[in-house]
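Please treat every number below as a calculation from the coordinates, not as lab data. Given the structure is predicted, the values throughout are model-derived calculations rather than measurements. Please note: Cβ atoms are built from the backbone with ideal geometry, for glycine as well, and neighbour counts cover all protein chains shown.
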Ligand SMILES: [Zn+2]
């Protein structure tokens, strides 16, 4: 029998040390984190490899070997974290304090906590299951929070054989409680939205603002923006969202159960639309979103501006082509005076298959270990490094294997981020159990 209470305390202690390291990105400085992980891995006989990708930028891998009958599984986490304003936190964001049953600090959920669960699960697997059908790769990546140029992308370009695997287990979804239902729904990210960043440039004619002449660049731009922003209220059901709601429907009683399972019927979808989209995260799964992020026009109080510019962050649903989407925007704008400049265009989005041993085993383990827990596929509005693996044809799944309610989730990239010791126990147990079965 595994002493899970002991494991949970060990996880809390190791995570506390990890959270004390300020791996803020920028600048990242993942070297100190990699050194810390190297020590933990070496102590457990798991030999780490360091892959420097820039000054003070490093990636780390460690491989627990199997007999090679099956292809490896890669356990992914990133070592860098986002900024934390100490004035807004109740304590030091880098204290790693263990208090009231929680480990506190930036990165507890995103995603050093998951790295520690993986490391301990790997160690348990090594000690308790010497006969394994496949390698398990532990991968601690740099630079996820700034796009991955020094991290996963760099590793794929320079050390692909070190991280090539059949399945990748990344972040993305959570065991969400009191979100869709009071029962926990473990949402497993299988795809992401595609980010398209554009600049709109409207050209008009200068003049005295006391005599409006109808060719004010700001007016032209505002007209175009108004027509584009209408996209934010155009909802549609994509296949991943349909699967998610069908699973949630199984938890509900009639008529909700029926309605959620039959959303592909346009009448039912329209009927359910306002209920489904009342939460902005869920709403983002059901539409292409447009946010104006920069707006610029004019220099002086009494001069009509000749040029006006807006930057847009657009997140397209998977399956959209960038070209097709730009055509649609042009026809919405319908104004020759507005030019579209592409700042960033996304790669093709791939959806990971859920008809796999990995997904089935994950669902099975969750069903056994979490009373009334279910698993459902998720489309994430944000981006993770999984997209790079999916482009390489690998099935990547995003799940932080712990139970979190909306209040806890708000601390993710927010204030007073923390993880309960109880969740560290559950997460390590789920990770271990999934790996054990997939190594049979
Ligand atoms: Zn993250």
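A compact table of results
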{"read-out": "Rg over Rh [alpha-carbon atoms, Kirkwood Rh] for the chain", "value": "1.02"}
{"read-out": "Relative contact order [Cα under 8 Å, 6+ residues apart], the chain, whole percent", "value": "25"}
{"read-out": "Gyration tensor (alpha-carbon) shape descriptor, the range 315-356, a/c threshold 1.5", "value": "prolate"}
{"read-out": "For the range 291-364: relative contact order, % (alpha-carbon pairs under 8 angstrom, 6 or more apart)", "value": "23"}
{"read-out": "Likely footprinting exposure, 285, 114, fewest C-beta neighbours within 10 Å first", "value": "285, 114"}
{"read-out": "Three-way shape call for the range 235-286 based on the alpha-carbon gyration tensor, with the a/c threshold at 1.5", "value": "rounded"}
{"read-out": "Beta bridge orientation in the chain: antiparallel %, DSSP, nearest 5", "value": "65"}
{"read-out": "The range 149-190: relative contact order as a whole-number percent, Cα under 8 Å and 6+ apart", "value": "27"}
{"read-out": "0 to 90° range, to nearest 10: angle between helix 421-438 axis and the chain longest Cα axis", "value": "80"}
{"read-out": "Principal axis box of the range 1-141, alpha-carbon based, largest edge first, Å", "value": "52, 40, 22"}
{"read-out": "Cα gyration tensor shape for the range 57-109, rounded if a/c is under 1.5, else prolate or oblate", "value": "prolate"}
{"read-out": "Stretchable slack from residue 275 to residue 5, in nm (0.36 nm times residue separation minus alpha-carbon distance)", "value": "93.1 nm"}
{"read-out": "Listed peptides 47-55, 359-367, 429-437 by packing density, highest first (mean Cβ within 10 Å)", "value": "429-437, 359-367, 47-55"}
{"read-out": "Protection-proxy order for peptides 273-281, 92-100, each taking the mean of Cβ atoms within 10 Å per residue, highest first", "value": "92-100, 273-281"}
